[in-house]
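To start, the structure itself, in structure tokens.
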Amino acid sequence: MARLKFLCDADRCIECNACVTACKNENEVPWGINRRRVVTINDGKPGERSISMACMHCTDAPCKAVCPVDCFYNTPDGIVLHSKDLCIGCGYCFYACPFGAPQYPRVGNFGSRGKMDKCTYCAGGPEPDLSAAEYEKYGANRIAEGKLPLCAEMCSTKSLLAGDGEIIAAIYKERVLKRGYGSGAWGWKTAYKETIDV
Amino acid sequence: MLIKRKSAAAARGRLQAVAAGFGGASLVDRRAFLKRAGFTAGALAAVGTIQVGTVRRAEAGPTDFQQPIERKKNICTHCSVGCTVIAEVQNGVWVGQEPAWDSPINRGSHCAKGAAIRELVHGDRRLKYPMKLVDGAWQRISWDDAINEIGDKLLEIREASGPDAVYWLGSAKYSNEGAYLLRKFAAFWGTNSVDHQARICHSTTVAGVANTWGYGAMTNSYNDIRNAKTIVFMGSNAAEAHPVSLQHILTGKETNRANVFVFDPRFTRTAAHSTEYVRIRSGTDIAVIWGMLWHIFENGWEDKEFIAQRVYGMDEVRAEVKKWDPATVEDVTGVPGEQLRRVAETFAKERPSTFIWCMGGTQHTVGTANVRAYCTLLLATGNVGGFGNGANIFRGHCNVQGATDLGLDVTSLPLYYGLTEGAWKHWCRVWDVDYEWMVSRFEDKKMMEAPGIPSTRWFDAVLLPKDQVEQRDNLRAMMVFGHGGNTIPRMPEMVKGLEKLDLLVVGDPHPTTFAAISQRKNGTYLLPICTQLETSGSRTASNRSIQWGEQIVKPIFESKDDYEVLYRLAKKLGFADLMFKNIKVENDRPVPEDILREINRGGWSTGYCGQSPERLKAHMANQDKFDIVTLRAPKDVPEVGGDYYGLPWPCWGTPEYRHPGTHTLYNTNLHVKDGGGTFRARFGVERNGVTLLSEGSYSLGSEIQDGYPEFTYGILKKLGWDADLTEAERATIERIGGNNPDAVSWATDLSGGIQRVALEHGCIPYGNGKARVVAWNLPDPIPVHREPIYSPRADLVAKYPTREDFRSFRVPNIGFTVQKAAVDKGIARDFPIILTSGRLVEYEGGGEETRSNRWLAELQQDMFVEINPADAAERGITDGSWVWVTGPENNSRARVKALVTERVGKGVAFMPFHFSGWFMGEDQRKNYPPGTDPIVLGESVNTITTYGYDPVTGMHEGKVTLCQIRAA
């Protein structure tokens, strides 16, 4: 079984935000919720780099570990999903997440911020695949359609890669070898407890 | 209040803290700044109507997998890269977007705009029905009433003031067929004042490049940059303006380990991916290029064989370049001599080298001269006419190349035929109308052959005293189709012009700035036009590939497409029957396929003759057959075998001749029937006893192994090749030629016979000439550096002044007077900061459409000015605070947020040009018809920008002025 992962090649990301709007488009994500974002460091200076970030669908996900109502679950591909029916909006997952992925519709204290929302790897939620109920709560289920997340599929420079971890790691390795530089598979150590050695 | 939820902002902050592990760098980025800085006022509705907590089900979605899904292919309507959009449609509703993997141009990719394009057809903020302004209030009216009232007013103005009193402003968002129709419409109306956005983006490129080697277009393609070893960007921020092009460029950079040099006053997102960034002072491009050539000539790095065979006038350039030693260059441009030497050496030696430019080069009082300087550098180093090299001019809008080609231009009929009697007679033959009747439509024959008023000057033609405008009366009516109202400098004066007009008609998916900015009370009409996604037609990408877009959904609300609106208007004005004589009209909608066939019948000069709708549709259906680097399909593939993708023009001969199109212009390594070519013999055969035809250089397989002039029937006869013409071809030529058939040329022969015979002999119809680096018909035949009108360096203005005042395009150009007054008044002391402008990736053009798209608007909520930390500190300005930016003309001022960043150097400020809806501190949201105001509004940079026009094209100065910035 494949282990699905994300990999952002920061040497290619140009912060065009296609991943962000592709996500909005595919999942009809409302204003104010950003399942994916692009972060730029050293903005405007030599060394400026951008990285597209969302839920990394971690191995042994910390969000899952801390959830008091156990609303998270893993798909057989390693995708981390959750049930909005079970979620109580406590915000623990937000504090546990090393990537700041969980989002809430409202500002507030414990329980009043609404159901948590995050990147589903375009894999929907616990409802039956491709049902209206699933779409309404979680957005698209491209995985059930045999497709990959739209953010990566539409990436302007093929910087953001999604797919089986071994395959995208191989693509990245080949790139780095060919071009002679690479700042590493950012976030992999934290998310997947491994790095890509070139 | 449009307020982003705190949780989102907090989450963002958290992400940044995480990012600190990545390179351990400063965490201030542009968007974080905007979010931290608080959020712009307005547009509560954007948030208020959206249910949060769960993902909202849109009216359109989700896809119901029980129902059949149709997949439609169209082209992104934003920039000129030409990304294919695949839409999934159910029950006539656009429910989803899929990656277009088969397109050799984007291979599934999009930028923020393309990935959000489905929202345009959700259309919350679209103009929904025709409206008119009655005593300051918007009223809904019917299409019939709108067309009738507009038509009556136009006829009244025509009667009183002549046809030139009406201005027809078209659009780079038109399809080719729409652009062609509007140009034809203006001809039938009787004026040459018909223009579009190319005026303000690449008019100087078209003029400069065409005057150098023949055609005004990108020589190669985005894909071909994969072959380059050295890539120079000058005044181009492709990472934001043409994001998908970076896919090809970064691949080239990676696989060839190519050098990427970015010349810009700002350290742009593109510069962040360069191998070397060169900071220049805005408006000193010629000095930079001559500085590079100084090193090249000094060290003998030029390509001597190429120059000898294919270039006219290089020795005259050497004399000018001699003046630009490294010390002088550094003083004027700020670029250190050593750095320029390194870049020049690499450019000359690590070939193929390509030179990419955009509006940073073109939008200047010396725009055309800048372009010619770039071309000179390419020619001196032998970097044109091959693979991986060339002038890769990235055009702006999705069809600005096509709309330029098809004549939305005040100086030409479609396809660069010009305005001479011969040109009019050619098009009258194609249109099947009597030439004398056409003359009668104009004021007189003189006005018929006189260039119209460029879009940069229309309000001067409204406001100037009548005797200063060279036509019967001032402009009295503006017909605006698909054009922003915040795109041209001197907006305070433009507003006065708007208020003086008798009639203002805006045909657009959105009301645009034109509708909201002035205090007009009556005589304004808004016509809802659909986007290109809601109709069909072809568009020409920057690389000259033509792509056919099919209708995804029917026009939403009461909107109509351009074809139908122009037809209805023509009918009202009384010339529809003649104008659409040979074009099929169904339910008041002219059929775009038929319009393209008419273009094919007349488009010989530019090779728009071979791209029939059938061939273009076959290309869209067979996108996967084309190679990503060569853009060519293998010869044995059915339907499209051997073709280049999109039949990039020139595609010679009739569609049946099946020329494959031309991927790389002037490429002598290929046979002309395989898309090869030579420089165009456009400037004659000889000058001062020196040949203008190429010497010993010719395209592969040419039967004439030397230079040759353009082909005419007479030349064919001399060569004895006229025997190859068919009887039908000969009869057509003789009919066209009348008394002098020998003069019928490759461009006026409607049979295509002359082209066919030339190609069969391996020759290109337009001749084999030299490119010229001395354009003797233009001001400054060899480009010379001239300081901007508002220069921070008064000492250099004395040495390098702008051109003397002169008249062109029916109006005066008083740039010299303005520059002198600025120096005399010490403007640079009171306004010490250079102001430049440019794009953001989320928005496009005037921005009304993209600022109305909620998926994009969320990402950029505030108009801002980038200011260097040193300048900010001197003024007590902190990051994210409100500031007033003031300009040297019209007491102009703009209230915007400060973004303090080293991206701009000390003494330089940058503002994006996509904003409007605020004017000099006033929020104008109430001026839009209810429900059509864009989500995000802001001050326009062009409120601050100032006087200055290129002498050749009337291009405005959009990239250098002076300003002052103070804390608000």
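Does A:Ala61 qualify as being open to solvent by less than 30 Å² (accessible area, probe 1.4 Å), modelled with pLDDT of 95 or more and within 30 Å of B:Cys76 (Cβ to Cβ)?
Here the answer is no, as A:Ala61 does not meet what is asked.
One residue stands out among those in the range B:861-879 that are in a loop (DSSP other than H, G, I, E, B) and more than 14 Å from chain A (Cβ to nearest Cβ): the one that is most open to solvent (accessible area, probe 1.4 Å), which is B:Thr878.
For every residue, the table says whether it meets (1) closer than 30 Å to B:Thr712 by Cα; (2) surrounded by fewer than 18 Cβ atoms within 10 Å (Cβ to Cβ); (3) not charged (D, E, K, R).
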{"site": "B:His761", "(1), (2), (3)": "yes, yes, yes"}
{"site": "B:Lys770", "(1), (2), (3)": "yes, no, no"}
{"site": "B:Asn777", "(1), (2), (3)": "yes, yes, yes"}
{"site": "B:Asn813", "(1), (2), (3)": "no, no, yes"}
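For the range B:365-386, give me each residue that is assigned to a helix (DSSP H, G or I), β-branched (Val, Ile, Thr) and within 20 Å of the chain's Cα centre (by Cα).
Pass one, the range B:365-386, residues assigned to a helix (DSSP H, G or I): B:367-380.
Right, trim to β-branched (Val, Ile, Thr) and you get B:368, B:371, B:376.
Within the range B:365-386, B:Thr368, B:Val371 qualify.
The set of residues in the range B:449-506 that are open to solvent by 20 Å² or more (accessible area, probe 1.4 Å) and assigned to a helix (DSSP H, G or I) comprises B:Leu463, B:Lys466, B:Asp467, B:Gln468, B:Glu493, B:Lys496, B:Glu499, B:Lys500.
Can you say whether B:Arg803 is in contact (Cβ under 8 Å) with a residue 40 or more places away in the chain and either open to solvent by 50 Å² or more (accessible area, probe 1.4 Å) or not in a loop (DSSP other than H, G, I, E, B) (or both), as far as the supplied structure shows?
Details: in contact (Cβ under 8 Å) with a residue 40 or more places away in the chain: yes; either open to solvent by 50 Å² or more (accessible area, probe 1.4 Å) or not in a loop (DSSP other than H, G, I, E, B) (or both): yes.
Yes, satisfied.
Here B:Gln139 meets each of (1) in contact with a helix residue (DSSP H, G or I) (Cβ under 8 Å, 6 or more places away or on another chain); (2) more than 11 Å from chain A (Cβ to nearest Cβ); (3) open to solvent by 20 Å² or more (accessible area, probe 1.4 Å) with one exception, condition (1).
Of the residues A:Tyr138, A:Tyr181, A:Tyr192, the single one that is of a type in the set (Phe, Trp, Tyr) and either open to solvent by 40 Å² or more (accessible area, probe 1.4 Å) or at pLDDT below 95 (or both) is A:Tyr181. Pairs linking a residue in the range B:147-173 that is within 28 Å of B:Gly846 (Cα to Cα) and not assigned by TED's automatic domain parsing to the domain that holds B:Phe185 to a residue that is modelled with pLDDT under 95 and of a type in the set (D, E, K, R), with Cβ atoms under 7 Å and 6 or more positions apart or on different chains, do not occur.
One residue alone among A:Met56, A:Met1 is more than 7 Å from chain B (Cβ to nearest Cβ), at pLDDT below 95 and over 28 Å from B:Cys76 (Cβ atoms), and that residue is A:Met1.
Being open to solvent by less than 10 Å² (accessible area, probe 1.4 Å) and assigned to a loop (DSSP other than H, G, I, E, B) is the filter here, so list the residues in the range B:658-675 that pass it.
Let us first name the residues in the range B:658-675 that are open to solvent by less than 10 Å² (accessible area, probe 1.4 Å), namely B:659-667, B:672, B:675.
Those that are open to solvent by less than 10 Å² (accessible area, probe 1.4 Å) and assigned to a loop (DSSP other than H, G, I, E, B): B:His659, B:Pro660, B:Gly661, B:Thr662, B:His663, B:Thr664, B:Leu665, B:Tyr666, B:Asn667, B:Gly675.
Go through (1) closer than 19 Å to A:Arg3 by Cα; (2) in contact (Cβ under 8 Å) with a residue 24 or more places away in the chain; (3) at the interface with chain B (Cβ under 9 Å from one of its Cβ atoms) and name the single condition A:Glu145 misses. Evaluating A:Glu145 over (1) closer than 19 Å to A:Arg3 by Cα; (2) in contact (Cβ under 8 Å) with a residue 24 or more places away in the chain; (3) at the interface with chain B (Cβ under 9 Å from one of its Cβ atoms) leaves (2) as the failure. Taking helices (runs of 4 or more DSSP H) as the structural unit, those lying wholly within the range B:157-257 and holding at least 2 residues that are open to solvent by less than 10 Å² (accessible area, probe 1.4 Å) and of a type in the set (Phe, Trp, Tyr) correspond to B:176-189.
Table: residues versus (1) more than 11 Å from chain B (Cβ to nearest Cβ); (2) surrounded by fewer than 24 Cβ atoms within 10 Å (Cβ to Cβ); (3) on the phi > 0 side of the Ramachandran plot.
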site	(1), (2), (3)
A:Phe6	yes, no, no
A:Ala18	no, no, no
A:Ser52	no, no, no
A:Pro98	no, yes, no
A:Val107	no, yes, no
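Working carefully through the options B:Gly737, B:Gly707, B:Gly714, B:Gly752, find the one that is surrounded by 15 or more Cβ atoms within 10 Å (Cβ to Cβ), closer than 22 Å to B:Gly422 by Cα and in contact (Cβ under 8 Å) with a residue 40 or more places away in the chain. Let's see the steps before the verdict.
Values: B:Gly737 fails: in contact (Cβ under 8 Å) with a residue 40 or more places away in the chain; B:Gly707 fails: closer than 22 Å to B:Gly422 by Cα; B:Gly714 fails: in contact (Cβ under 8 Å) with a residue 40 or more places away in the chain.
Exactly one of B:Gly737, B:Gly707, B:Gly714, B:Gly752 is surrounded by 15 or more Cβ atoms within 10 Å (Cβ to Cβ), closer than 22 Å to B:Gly422 by Cα and in contact (Cβ under 8 Å) with a residue 40 or more places away in the chain, namely B:Gly752.
If you check B:Arg893, B:Arg851, which single one turns out to be surrounded by fewer than 24 Cβ atoms within 10 Å (Cβ to Cβ) and at negative phi? Break it down into steps so the answer makes sense when it comes.
Numbers: B:Arg851 fails: surrounded by fewer than 24 Cβ atoms within 10 Å (Cβ to Cβ).
Just a single option satisfies the conditions, and that option is B:Arg893.
If we scan the range B:530-540, do we find a residue that is out of contact with any Phe, Trp or Tyr (no Cβ under 8 Å at 6 or more places or on another chain), assigned by TED's automatic domain parsing to the domain that holds B:Ser171 and assigned to a strand (DSSP E or B)? Yes: the range B:530-540 contains one or more residues that are out of contact with any Phe, Trp or Tyr (no Cβ under 8 Å at 6 or more places or on another chain), assigned by TED's automatic domain parsing to the domain that holds B:Ser171 and assigned to a strand (DSSP E or B). Within the range B:827-846, being farther than 24 Å from B:Gly485 by Cβ and touching a residue at least 12 places away in the same chain (Cβ under 8 Å) holds for B:Ile827, B:Ala828, B:Asp830, B:Phe831, B:Pro832, B:Ile833, B:Ile834. Elements of the type strands (runs of 3 or more DSSP E) sitting completely within the range A:64-180 and holding at least 2 residues that are within 29 Å of A:Cys16 (Cα to Cα): these cover A:80-82, A:160-164. Are any of the residues in the range A:27-45 within 17 Å of the chain's Cα centre (by Cα), surrounded by 18 or more Cβ atoms within 10 Å (Cβ to Cβ), in a loop (DSSP other than H, G, I, E, B) and more than 7 Å from chain B (Cβ to nearest Cβ)? There is at least one residue in the range A:27-45 that is within 17 Å of the chain's Cα centre (by Cα), surrounded by 18 or more Cβ atoms within 10 Å (Cβ to Cβ), in a loop (DSSP other than H, G, I, E, B) and more than 7 Å from chain B (Cβ to nearest Cβ). The residue that is surrounded by the fewest Cβ atoms within 10 Å (Cβ to Cβ), among those in the range A:148-178 that are under 17 Å from the mean Cα position of the chain (by Cα) and facing chain B (nearest Cβ under 8 Å), is A:Lys158.
B:Arg793 falls short on exactly one of the conditions (1) of a type outside the set (A, V, I, L, M, F, W, C); (2) in contact with a helix residue (DSSP H, G or I) (Cβ under 7 Å, 6 or more places away or on another chain); (3) more than 20 Å from B:Arg682 (Cα to Cα); (4) surrounded by fewer than 24 Cβ atoms within 10 Å (Cβ to Cβ), and that condition is (2).
The values are calculated or read from the model by the stated rules, or taken from the named source; none is laboratory data. Fair warning: this is a prediction, and the values are worked out from it, not measured in the lab. A quick note on method: Cβ atoms are made from the backbone with ideal geometry, for glycine too, and the neighbour counts reach across all protein chains shown. To get the accessible areas, we keep the full protein, side chains included, count just its heavy atoms, and leave off ligands, DNA and RNA. Shrake-Rupley method; radii C 1.70, N 1.55, O 1.52, S 1.80 Å.
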